[in-house]
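Read the structure below first, then the notes.
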Amino acid sequence: MSSLPKRIIKETERLVSDPVPGITAEPHDDNLRYFEVTIEGPQQSPYENGVFDLELFLPDDYPMEAPKVRFLTKIYHPNIDRLGRICLDVLKTNWSPALQIRTVLLSIQALLASPNPNDPLANDVAEDWIKDESSAIDKAKQWTQLYAQPKK
Amino acid sequence: MKVEVKKVHCVFSWSWHIPKNAGTIESGLGEDAIGDIHGMVHEDDEEDVCGICRASFNRTCPNCKFPGDGCPLVIGECQHNFHVHCIYEWLDTSTSRGLCPMCRQLFQLKKGVSINDSHIERFRELAIKRQQEQNEFESNLDDDAAIARAIAEQEDTGRNVDNQGDIIMDQDLVVR
């Protein structure tokens, strides 16, 4: 494996020394481009009190290419499908090498706070969301209770 | 008293001169000197780090060994500076759409700045490439809109006017 670019080392150090509130990201021992991530559900969102596991991978071309991020915890959200894939502009067409791991994770946290059913990835969830928002929110809360409980 | 000099060690240091506002300072010598002082004062500022690789401008991009002329900077029309190798690599990707990573405006080299001179041609070629891709992308969107309109007309002749109204709106979005 080629040596780790300095930028990745710097970002990793800062994630550990000055973490983003409600977010943790730790590199894997065997592969320093692979991060185990947790994001706390934002307050006053259906995901409040939940802790969601994600995986983040920095491809060889990072930062010219966006990090690959996926939810591992099951979540009921119109922009996240059942495989945990996330529909978020900064991960695709609006990526910029000026963005970082921490800003990407902050954007995902913001996506939890404001689901956007008009640009869906999980079509069935988005349909439910548009048809009956309050029952969709209830279901998101239930799933948070069921699947996103912090590990003791 | 007599002093005999036995050995002389020459020591020098260098730093890129990055004026706060490259456009206005180029005009006069006096102002240029002030720019120099500013450059020194702000040596450790966040601004003196390349926004792409996050290494200091006085160091190299990740792929170079020798700083300075070996790994020079370029100054953007939008006042954002990068290692030339970093920004070139970014603008060479389709994802970049030719935009500055910092402000997402079309990235162009600032004119009349000597440090940019030797790169202008290469960057212009890249910009043309990105522009062509963008045009193709938009004409594909136009095609999609035309297909959507054809299908809508076939499926639903009864509400033709409404459908067309919708489609015309879509096209407006595409043109913008």
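The values are calculated or read from the model by the stated rules, or taken from the named source; none is laboratory data. Since we're looking at a predicted model, the values are computed, not measured. When we count neighbours, we look across all protein chains shown, and the Cβ atoms used for this are built from the backbone with ideal geometry, even at glycine.
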Q | For residue A:7: the one exception among (1) in contact with an Asp or Glu (Cβ under 9 Å, 6 or more places away or on another chain); (2) within 14 Å of chain B (Cβ to nearest Cβ); (3) buried (at least 16 other Cβ atoms within 10 Å of the Cβ) | A | (1)
Q.
So the check is Cβ under 8 Å with 6+ separation or different chains; which pairs have a first residue in region B:115-143 that's more than 19 Å from residue B:100 (Cα to Cα) and a second one that's among the hydrophobic types (A, V, I, L, M, F, W, C)?
A. B:138/B:174; B:141/B:174; B:142/B:174
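Given the condition within 14 Å of another protein chain (Cβ to nearest Cβ), at pLDDT 85 or above and not in a loop (DSSP other than H, G, I, E, B), answer yes or no: does some residue in region B:25-46 qualify?
No, that holds for no residue.
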(Q) Give all pairs with beta carbons closer than 6 Å in which a residue from region B:53-73 that is more than 12 Å from every other protein chain (Cβ to nearest Cβ) and within 23 Å of residue A:11 (Cα to Cα) meets a residue that is in a loop (DSSP other than H, G, I, E, B) and among the charged types (D, E, K, R); count only pairs at least 6 apart in sequence or on separate chains. (A) B:67/B:59
(Q) So in region A:55-65, with the set limited to residues that are farther than 16 Å from residue A:12 by Cα and either buried (at least 17 other Cβ atoms within 10 Å of the Cβ) or in contact with a Pro (Cβ under 8 Å, 6 or more places away or on another chain) (or both), which one is nearest to the other protein chains (Cβ to nearest Cβ)? (A) A:64
Q.
Yes or no: region A:105-122 includes at least one residue that is at pLDDT below 95, in contact with a helix residue (DSSP H, G or I) (Cβ under 6 Å, 6 or more places away or on another chain) and assigned to a loop (DSSP other than H, G, I, E, B).
A. yes
(Q) Condition first: surrounded by 12 or more Cβ atoms within 10 Å (Cβ to Cβ), within 14 Å of chain A (Cβ to nearest Cβ) and modelled with pLDDT of 85 or more. Can you find one or more residues in region B:106-116 that meet it? (A) yes
Q) Quick one: how many residues across region A:66-89 are within 14 Å of chain B (Cβ to nearest Cβ) and modelled with pLDDT under 95? A) 1
